[in-house]
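Since every read-out is calculated from the coordinates, none of them should be taken as a lab result. Here the structure is a predicted model, which is why all the values come from computation and not from measurement. Cβ placement follows ideal geometry from the backbone for every residue including glycine, while neighbour counts extend to all protein chains displayed.
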Amino acid sequence: MIRRSTIFVFSATLIVGLVLFQLKYKVVSLEQRHQRVKKAIHENQEAIHVLRAEWAHLNDPGRLQRLSQKYLEIHSLKSHQLVSFADVATSNGGTYDKAALEKLITAAAADQQPDKD
């Protein structure tokens, strides 16, 4: 007859074998997931590199200057468009005189209108 210790050792060996078998497949699964994540990170880093290069091209000062001259009607700043803080400040020194500020804005907007000669 088989002794109890033999049955116990056989059962323990079988249980340990099954646990190791499951553990092995869990590790293989995690390694595959790890490889997929590493690949995704690498692809994202490459995409970021391409986007940074494209951003550098799009923000090239020479290119922006050409586009602004072509599409924007921006004129040089004239000296009468500059005002000092004293022109719009009130007597308490911390706030603006709204009427004076509106007058300056209206004058500046009028200067921006093209002459209709």
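Among the residues making up region 18-68, those that are loosely packed, with under 10 Cβ neighbours inside 10 Å and of a type in the set (Gly, Ala, Ser) are Ala56, Gly62.
Would you please name the residue that is farthest from the chain's Cα centre (by Cα), looking only at residues in region 1-17 that are of a type in the set (Ser, Thr, Tyr) and surrounded by 10 or more Cβ atoms within 10 Å (Cβ to Cβ)? It comes out as Thr6.
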